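Notes for the one structure printed next.
The values are calculated or read from the model by the stated rules, or taken from the named source; none is laboratory data. None of the values given here were measured: they were computed from a predicted structure. Note: ideal-geometry Cβ built from the backbone for every residue, glycine included; neighbour counts use all protein chains shown. For the accessible areas, the whole protein counts, side chains as well, though only heavy atoms, and no ligand, DNA or RNA atoms are used. Shrake-Rupley method; radii C 1.70, N 1.55, O 1.52, S 1.80 Å.
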2 protein chains.
Amino acid sequence: MLDDLDRIKDIDKEGMLEVEEKFYSQLLEAREIAKKSKLEKIKGSKFGGIAFLGMGGSGFASDIIKALIKDDIDIPVEIVKGYNLPSFVKVGWLVVSISYSGNTEETISATGQALERGCEILIICSGGKLESIARSNNKTIIKIPSGLQPRGAIGYLFFPAYLALDYIDVAKIPSMDIEEALDLIKEKAGLYRREVESDKNPAKKLALKILNKLPIIYGTEGLLAVVAYRLKCEFNENSKTPCWCNEFPELNHNETVGWERLKEITKKFILLVFRDKDEGLRIKTRIEVTLNLIKENIGEVVEIPVEGKSKLAKALSAMYLGDMVSVYLALLAGIDPSPVKKIQTLKAELAKLN
Amino acid sequence: MLDDLDRIKDIDKEGMLEVEEKFYSQLLEAREIAKKSKLEKIKGSKFGGIAFLGMGGSGFASDIIKALIKDDIDIPVEIVKGYNLPSFVKVGWLVVSISYSGNTEETISATGQALERGCEILIICSGGKLESIARSNNKTIIKIPSGLQPRGAIGYLFFPAYLALDYIDVAKIPSMDIEEALDLIKEKAGLYRREVESDKNPAKKLALKILNKLPIIYGTEGLLAVVAYRLKCEFNENSKTPCWCNEFPELNHNETVGWERLKEITKKFILLVFRDKDEGLRIKTRIEVTLNLIKENIGEVVEIPVEGKSKLAKALSAMYLGDMVSVYLALLAGIDPSPVKKIQTLKAELAKLN
C-alpha cells in the first residue's frame, strides 16, 4: 500500500507526508529566518539562566536544545512544560517562549509571569497572542511561517531558537555540525520519500514492522531519550497510536523488572531502541544485557542505529527517520496523519471557560 | 487471598509489606536522623544552585523535593539521572548525591565530577563507596540505616534530604506541613495494613481492580506527576508489572490522540488518575474532558482523590497509597515483591567490565 502513490494522496488529505519530505528545505529556510532575526536586544547580556517554555512539539524543541548544549553551557537551563514558572526563574534570566500558533495557553501564562518578573524574553511563534505580547512589550521575536501542524514545523521551532543561542553568545555551535546535519537530512530525505519503494525505503520498512503492534521506545539519557520522546509523540499524533518511552540508564532501576507479568499483552508490543555507536561501553552493556533479559516478553525488538558524527546530526537524523515512520504508519493504517480531533475538542471546551 | 495472612507471609519472604506498614515509623526515624546530622559545613553559604543526583528511588526523592520547593526557592534546581553533570553545575553549587546502597555507579560518577569541580557536596547513603568518598574528602554525609530494598527506604532517602534544605536555609519548610503529613500517614497506615480486610481497605481494593490489567498512570505537572512516576516504578519493581505514566497538561498535546488505534490491546489497560481537589479549573477541565474522550479505548479508568492540605501531605499520602497497592498487587499475583533479579543480573554483568 505504501508504494501506491494515489492511495497515499487519498488518505493524506492535508499533505503531512509532503511536509515531512520537505524537511530539508524547512531547515534551510529556518536557518535564513534565524540569520535575519533582530536579536541585538538580547545579545551581550550575561544571563543568570535560560528557561524554555513550550508544550508538545515546541517543548520537544526545548528538550533537544537542552540535550545539545548541557555539556558546554555556563548557565542553568530549565524547561517548563506547564502554566507556571519556577520561582528561581527571575530578573536576569532569558526566557525563550516557543509556541507554533502563539496561542498555547500554558506558554502564554508562563510568559506573562516572565514579563512580570522582568526577565529578558525571546518569543518564537507564527503569530497569535504571543506575537501580540512580543510587539506590545517590545520583546524580541522570531516569527516563523504559519499554516502547518505544529509537529510538522519542528525545523522552524527548533533551528532558529538553537542558532540564536550562538548569535547571542550563550552557546557555541560549530558551523561544521550544522553543515553535517543538513547534508545528512538531505541524503535521508532522498531515501525516505514516497517514490522509494518499501523494499529499499527504511522508513516504510520500519512502519510495516510496527503496524499491528504497540510501540515502546527506548533511548539513552540526553539526546536519544529526547528523540525517543519525540517519536512517542509522533506515533500518538500522526499515527493515532498509543505509545510510551523511557531512557537508559534510569529504566534499569525499575522498568527492566516490569517486563514479567502480563506477557500475553506485551507480546503484542514492539520495542524500538535507538543505538548510538558512541554510546560508550557501560551504556552498550546496559542496553544489550537488558534486551536479552526482556526480549522474550515482547513481540519484537528492533534496534535503530543512529547515524552522524555530531550530536546535532545524530539528533536530527534520528528524529527525521521517526517522523517519516510515524506518517507511513498512519497511511498504512488508513489514517489521515494531520487531524488531531480530540485535541481540538479539548481546546474548544477550555475556550468555554474564558 | 489478600485477607489470608498466612498466605501473605508465605509469598512475601523478605517482608516488603511489613516495611511498607512501618512507613510512619521510618518517617519519624528519618526526621530524627535529619535532626542529628552535622550540616554546619554547608550551612550559611549562598549557593549558585542545587543539583540532585540519584537513580530510581533516590531519583524519585529528588523529583519530589524539586516539586515541593520549586515555587519558593531562589536558586536553580537541577536533577541528574545519569553518569554526567551538566557543565553549568560548577563551583558554588550544592550537589546532593542520594544512593541507598552508596554504590550506584551513575551517582558515583557524577559525584566524582562534582568533587573535581569543587562543588559543595551532601551525600545521603547507607554506606558503600559514596560513604568512603564523603569520609575521605571530608564532605557532609547523612548516613541512613541499611538492610532494605532502596524503594522501601524512601522515607530515609527523601525526608532527611528535604529537611536539610530547611536547616541550611535553602528552603523554608513549615513545621505545620510536616506534622500534617505525619498525621495523615499514621492514619493511612492504620487503614492499609494487612489486618484490614479487602472490603474496607482502599489499597487492597485498588490492587484487586488492577490485577489482570496493564496500568497507565496520569498525574498533573509538578507534585502528582512525580507521584505517578513513583507508582509506575513501584508497579515495575514490586509487582513485576509493565506500566507507564504521563502528566497533564503535556499529555494533552500528544498522548490524548494516541488512544485511537490498537483498542483491542488498550482495552486490557487500566488508567489510574491522581486528582487534586486544588488542581484548579483549567486542569480539572483538561482531565475531565480528556477522560471522556479516551475512556472507551481503556478497560477501566479509576480516579484517585489525593488527600491532605499541604503539598507535602498530598505527595506523601498519595505515594503511600500507591506503594501499598503495588505490594498487594504483587501478593495477589503470587509474586514476592522484594527480589529484582533482572537488575541483579545486569549489575553482575556491569561489574565484569571493571
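A few points about this structure:
- For A:208-216, mean number of other protein chain Cβ atoms within 10 Å: 2
- The GNM of chain A, with springs linking C-alpha atoms under 10 angstrom apart, assigns the highest mean-square fluctuation among A:59, A:127, A:44 to A:44.
- Backbone phi angles across the range B:153-162, fed through the Karplus curve with coefficients 6.51, -1.76 and 1.60 (θ = phi - 60°), yield HN-Hα couplings of 10, 4, x, 5, 6, 8, 5, x, 4, 5 Hz in residue order; Gly and Pro are listed as x.
- The phi-based Karplus calculation (6.51 cos²θ - 1.76 cosθ + 1.60; θ = phi - 60°) puts the 3J(HN,Hα) values of the range B:108-123 at 5, 4, 5, 5, x, 5, 5, 4, 4, 7, x, 5, 6, 9, 10, 10 Hz, whole numbers, x for Gly and Pro.
- Within a straight-line Cα-Cα reach of under 20 Å, residue B:46 can be paired with the following lysines, leaving aside sequence neighbours fewer than 8 residues apart in one chain: A:46, A:90, B:38, B:66, B:70, B:90, B:139, B:172.
- Label spacing, shortest first and in nm, from residue A:84 to its equivalents in the remaining copies (7 angstrom along Cα→Cβ): 3.4
- Selected from A:353, A:272, A:324, residue furthest toward positive end of dipole (the range A:259-354; charges at beta carbon): A:353
- Take the Cα of residue B:14, go 7 Å toward its beta carbon, and the backbone nitrogen atoms of the range A:236-278 under 18 Å from that spot belong to A:252-261.
- Spatial separation of Cα centroids for the range A:1-69 and the range B:161-177, in angstrom: 42 Å
- Computed from protein heavy atoms with a 1.4 Å probe, the total accessible area buried between B and A is close to 7300 Å².
- Two-site FRET efficiency, residue B:211 against residue A:45, from Cβ-Cβ distance with R₀ of 41 Å, rounded to 0.05: 0.10
- The range A:70-105 residues near the modelled residue A:169 label - backbone nitrogen below 19 Å, point 7 Å along Cα→Cβ: A:72-76, A:92-95
- Residue-level accessible surface for residue A:45, protein heavy atoms, 1.4 Å, Å²: 60 Å²
- For residue B:87, distant residues with modelled amide H under 5 Å away: A:71, A:72, A:73
- Here residue B:71 yields copy-to-copy label distances, from shortest upward, of 3.7 nm, the label point defined as 7 Å from Cα along Cα to C-beta.
- Rounded to the nearest 20 debye, the dipole magnitude of the range A:195-332 is 120 debye, with +1 charges on Lys and Arg beta carbons, -1 on Asp and Glu beta carbons, and the Cα centre as origin.
- The alpha carbon gyration tensor of the range B:131-247 gives principal lengths a ≥ b ≥ c with a/c of 1.5 or higher and a/b greater than b/c, which makes the shape prolate.
- Anisotropy class of the range A:104-170 from Cα gyration tensor, a/c 1.5 cut: oblate
- Computed FRET value (nearest 0.05) for residue A:71 with residue B:200, which takes r as the C-beta separation and R₀ as 51 Å: 0.45
- Neighbour cut-off at most 14 other Cβ (10 Å), DSSP loop, GluC sites (Glu not before Pro), the range B:7-50: B:14
- Rounded to the nearest 10 degrees, the inclination of helix B:23-36 to the longest alpha-carbon principal axis of chain B is 10 degrees.
- Loop-exposed trypsin sites (Lys or Arg not before Pro) per DSSP, neighbour cap 10 Cβ within 10 angstrom, longest uninterrupted part of chain A: A:201-351
- Between the listed residues A:206, A:119, A:242, the Cα displaced farthest toward the positive end of the dipole of chain A, a dipole computed from Cβ unit charges relative to the Cα centre, is found at A:119.
- With respect to chain B, whose longest principal axis is taken over its alpha-carbon atoms, helix B:56-69 is tilted by about 80°.
- For chain B, built as a Gaussian network whose Cα springs stay under 10 Å, the top-fluctuating residue of B:26, B:344, B:149: B:344
- Across the copies of the chain, residue A:309 has label points (7 Å from Cα along Cα→Cβ) spaced 6.3 nm apart, shortest distance listed first.
- Distance between the 7 Å Cα→Cβ label points at residue A:187 and residue A:285: 3.2 nm.
- Cross-link reach list, aspartates and glutamates versus residue A:209, counting only Cα pairs under 13 Å and skipping chain neighbours closer than eight places: A:199, A:300, A:303
- Once C-alpha pairs closer than 8 Å and six or more residues apart are averaged by separation and normalised to the residue number of chain B, the relative contact order reads 20 percent.
- For the range B:196-332, with +1 on Lys and Arg beta carbons and -1 on Asp and Glu, the positive-most of B:217, B:301, B:227 along the dipole: B:301
- Counting only DSSP H runs of at least 4 residues, each contributing -39500 (n - 2.57), and dividing by the residue count of chain B, the helix-based mean residue ellipticity at 222 nm comes to -15000 deg cm²/dmol.
- Shown is the FRET efficiency for residue B:351 and residue A:263, computed with R0 = 30 Å from the Cβ-Cβ distance and rounded to the nearest 0.05: 0.55.
- Neighbour net charge for residue B:270 - beta-carbon separation under 9 angstrom, K R +1, D E -1: +2
- Amide H contacts of residue B:301 (H built 1.01 Å from N, in plane; Pro and chain starts excluded): B:271 sit under 5 Å, all sequence-distant by 5 or more or on other chains.
- Heavy-atom accessible area per residue - the range B:37-173, 1.4 Å, Å²: 31 Å²
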